[in-house]
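The values are calculated or read from the model by the stated rules, or taken from the named source; none is laboratory data. Note that this is a predicted model, so its numbers are computed, not measured. In this analysis, Cβ positions are derived from the backbone assuming ideal geometry, glycine residues included, and neighbour counts consider all displayed protein chains.
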Amino acid sequence: MRTGIILAGGESKRIGTDKGLIDLNGKPLIRYVVESLRPIVDEIIVVVGSKERIQHYRNAVEDDVMVVPDLYDDGSPMIGLITGLTHAKGDYAVVAACDMPFINSELVDILFLLSFELNGTLLIKPDGWIEPLPAVYNVEVGKRRAVQLRNDGDLRLRKVLETLPSVARILVERLKIIDPELRSFFDLDTMERYDEAMRIIKD
């Protein structure tokens, strides 16, 4: 069983509102991510930063999408990861952000396949930097390591897979065969990026 986890922590300081609920060409941004993951997972979990945001997100997604609040209040993506993995019923989970509207379903499917019998799949940029999202985790192993890192005071999301053994490592550039523009990694974190996303959709 596969789980899709979407991190929707809360308000963006650069945009000034809750990114996942921004209207992008007639539908909430979060809906694009849900629709990208739906063909390749068995359940979808949206993790929000507080209980007050739950209903807003429930109104934005289909009824079969689970919406849960962070287990802890610090608002970091690491807490969102721990929360999502705690609720996941799948053996493996893909984790993405709510502001990634162009995730390629086939690309994520390959990440799942590469993770088989391993602890996850790690994506590496040409400069050696680890791309933390999207990523696939072995649910139980990933949760244990994320909790351990949090307890040690390290909230860097990329450290979870980076410090686990038996992880598939793949260069992001190799994924251009599937996603030529690498739009799966496009994140909408400024209004300029919003305008760019609109141009992509209309093209």
Inset, instruction - Check Thr3 against each of (1) crowded, with 22+ Cβ neighbours inside 10 Å; (2) among the hydroxyl-bearing types (Ser, Thr, Tyr); (3) at pLDDT below 95 and name the one condition it does not meet. - result: (3)
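How many residues does the stretch 120-140 hold that are surrounded by 19 or more Cβ atoms within 10 Å (Cβ to Cβ) and either of a type outside the set (Ser, Thr, Tyr) or over 22 Å from Asn104 (Cα atoms) (or both)?
Adding up the residues that qualify gives 10.
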Inset, instruction - Look at Tyr72 and say whether it is closer than 22 Å to Val147 by Cβ, in contact with a helix residue (DSSP H, G or I) (Cβ under 7 Å, 6 or more places away or on another chain) and aromatic (Phe, Trp, Tyr). - result: yes
Inset, instruction - Filter the stretch 77-116 for residues that are modelled with pLDDT under 95 and either touching a Phe, Trp or Tyr at 6+ places or on another chain (Cβ under 9 Å) or closer than 17 Å to Ile170 by Cα (or both) and give the result. - result: Phe116
Inset, instruction - Sort out for me the helices (runs of 4 or more DSSP H) sitting completely within the stretch 1-99 that have 3 or more residues that are in contact (Cβ under 8 Å) with a residue 40 or more places away in the chain, over 19 Å from Asp109 (Cα atoms) and under 12 Å from the mean Cα position of the chain (by Cα). - result: 77-87
Inset, instruction - Kindly establish whether Ser76 is small (Gly, Ala, Ser), farther than 30 Å from Pro180 by Cβ and surrounded by fewer than 16 Cβ atoms within 10 Å (Cβ to Cβ). - result: no
Inset, instruction - Check the stretch 120-137 and report whether any residue there is farther than 24 Å from Gly9 by Cβ, at pLDDT below 95 and among the small types (Gly, Ala, Ser). - result: yes
Inset, instruction - Take the stretch 79-104 and flag every residue that is of a type in the set (Gly, Ala, Ser) and either closer than 29 Å to Gly26 by Cα or buried (at least 23 other Cβ atoms within 10 Å of the Cβ) (or both). - result: Gly80, Gly84, Ala88, Ala93, Ala96, Ala97
